[in-house]
Amino acid sequence: MDNCYTLHPELAPWNKKKKSKSYSNDSSNSVESDSDSELDMMNVIFMALDNVDEVCEQAIQEMLRKQGRLPLPPSLPTTSSLTTTSLDYFLDMSHEFRWANYSSDYVSSGKGSLKFQLINQSEDFAIALFTVGMSKPVLVAVSNTISFINPKAPVYPRLALGKSWNEMTVTWTSGYDISEAVPFVEWGAPARTVGWRDPGHIHTGFFNELWPNKMYDLLTFFLWYYYKVGHELSNGSIVWGKPSSFKAPPFPGQNSLQRLVIFGDMGKGERDGSNEYYSTQPGSLNTTDTITKDLDNIDAVFHIGDITYANGYLSEWDQFSAQIEPISSRVPYMLDSGNHERDWPDSGSFYDVQDSGGECGVVSETMFYVPAENRAKYWYAVDYGMFRFCIGDTEHDWRQGSEQHKFLEKCFASVDRKHQPWLIFAAHRVVGYSSSPDYIDEGLSGEPMGRESLQLLW
């Protein structure tokens with residue numbers, strides 16, 4: 001660990017501790033000190049700056065601002081509507097943390113060991129030691145840089161059904177811009193759609209006309225396709241992602257067994273048990289693991305809104321993509337929009353609240369493919385064998401006369417119930433019955449505008 005206060009020894013916070021400190025700099029990123037503090041914490045941070053000295057210099061300047069000895073920078077919003085605090089600015093490179101006293105000997109000896117699970121997010125990491133707790137954190141030391149062998153490698157493939165019954169898509173994340181490497185899928189379909197999200201690029205490949213050209217699995221009478229995503233560099237070499245496989249979807253009305261999982265409001269959790277500064281849902285790991293264990297008996301997954309609860313912390317989407325990769329790389333993982341993906345004042349959402357943290361639907365519609373005509377409007381129809389899905393977007397107007405209401409009416413009316421007896425409508429907010437205090441306190445049992453308008457279509 002590099003001690004930040006070798007740059008400004010006069011500002012070192014040692015006088016806030018009972019004993020003096022010393023920090024080591026070794027390859028294991030361990031920390032040594034004589035601290036008996038229970039407020040120290042180890043953070044995983046993105047190394048967005050060129051060197052440790054710059055990180056430390058920012059920490060020193062922030063501490064001076066907290067003391068009123070330096071003004072806040074112009075780039076730091078101060079309005080309450082953005083819910084941005086000095087702590088947010090101070091820790092804006094942080095990803096997750098664990099209290100130093102999780103290591104049993106730290107409080108008594110100042111020495112300890114903690115483990116973090118890092119995933120490839122196309123950027124280097126470092127471990128930082130903070131003291132004084134979360135209310136007024138002070139950066140004390142930063143480790144050497146932790147790098148993946150190839151941080152730009154393609155990762156986290158996410159399958160989704162296409163706009164026609166015999167089309168499948170795969171979306172993945174990489175650090176390669178299309179100007180430096182050509183994205184492609186080994187089976188031969190081109191990558192057509194590229195959207196950018198720091199710290200990487202998002203690519204989508206399309207598999208068309210899936211059925212005729214592959215051999216049947218004689219046990220299930222479905223077609224299996226094997227695929228790999230990759231990037232061809234300018235020198236002709238190829239960087240590959242992990243190989244995987246998927247099952248060709250059944251044609252509309254196909255008389256066969258189809259098994260689906262539908263849920264919402266899952267979020268993500270930390271496998272290593274570490275904490276986060278924002279929302280985390282450790283129970284989501286149970287959901288993910290249960291689906292993964294039973295994946296041989298599942299054909300598609302529908303996640304109906306409130307996907308990650310990232311609320312503006314974009315690294316959470318990579319964490320979520322890594323968590324569901326055992327599922328999304330093998331079966332279609334279909335999304336619907338919820339308030340935590342879309343809602344923000346004056347952004348076009350139906351509800352004038354700040355639930356998305358400013359994402360305004362941009363991240364969800366870029367990170368995951370849905371077969372909508374306009375991906376900014378998250379309603380879409382998809383056929384899967386004996387099922388017709390009409391997916392609504394509760395964060396846009398769905399009242400009678402609206403564009404979405406007309407879409408839903410057409411989606412319901414156009415299905416042939418003789419061949420597709422299962423007509424499934426799914427949307428994030430409650431239109432049936434909910435015992436949530438959010439509704440009960442207002443004398444309601446669901447979204448009133450949705451129920452009034454949609455009941456006309458039943």
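Database remark: amide H of Ala153 closer than 5 angstrom to the amide H of Gly175 (H placed geometrically; neighbours at sequence offset of 5 or more, or on other chains; Pro and chain starts carry no H). Using Cβ point charges alone (K and R +1, D and E -1), the dipole size of region 319-458 about the Cα centre works out to roughly 800 debye. Taken one residue at a time, the phi angles of region 354-364 give Karplus couplings (6.51, -1.76, 1.60, θ = phi - 60°) of 9, 5, 8, x, x, 5, 6, x, 5, 5, 5 Hz. Gly and Pro are set to x. For the residues Asp289, Asp352, a 1.4 Å probe over the protein chains yields an accessible-area ranking, largest first, of Asp352, Asp289.
Scoring 334-344, 266-276 by mean Cβ neighbours within 10 Å over their residues and listing the highest first yields 334-344, 266-276.
The residue list Asn275, Leu257, Phe246 was ranked by how far each Cα lies along the charge dipole of region 246-288 toward its positive end, using unit charges on Cβ atoms, and Leu257 comes out on top. Relative contact order of region 270-421, taken over Cα pairs closer than 8 Å and 6 or more residues apart, is 17 percent.
Can you compute the FRET efficiency between Ser234 and Asn255 using 1/(1 + (r/R0)^6), with r the Cβ-Cβ distance and R0 = 45 Å? Round to the nearest 0.05. The pair Ser234/Asn255 has a calculated efficiency of 0.35. Rounded to whole numbers, the Karplus 3J(HN,Hα) couplings from phi for region 450-458 are x, 5, 4, 7, 6, 4, 5, 9, 5 Hz, using 6.51 cos²θ - 1.76 cosθ + 1.60 with θ = phi - 60°, and x at Gly and Pro.
Of the listed residues Ser234, Ser284, the order by accessible area with a 1.4 Å probe, largest first, is Ser234, Ser284. Computed extension gain for Leu456 through Lys418, at 0.36 nm per residue and net of the alpha carbon distance, reaches 11.5 nm.
Close amide H pairs (under 5 Å, H built 1.01 Å from N) link Arg429 with Thr394, residues at least 5 positions away or on another chain. In the structure shown, the pairs Lys163/Lys406; Lys115/Lys152; Lys242/Lys410 are assessed against 28 Å; a Cα-Cα span above that value is assigned to Lys242/Lys410. Whole-Hz Karplus values for region 115-128 come out as 10, 10, 9, 9, 10, 5, 10, 6, 8, 6, 10, 8, 10, 10 Hz, taken residue by residue from phi with 6.51 cos²θ - 1.76 cosθ + 1.60 and θ = phi - 60°; glycine and proline positions read x.
The values are calculated or read from the model by the stated rules, or taken from the named source; none is laboratory data. Just so it is clear, the structure is predicted and the values come from calculations on it, not from any experiment. Please note: Cβ atoms are built from the backbone with ideal geometry, for glycine as well, and neighbour counts cover all protein chains shown. Heavy atoms of the whole protein, side chains included, go into the accessibility calculation; ligands, DNA and RNA do not. Shrake-Rupley method; radii C 1.70, N 1.55, O 1.52, S 1.80 Å.
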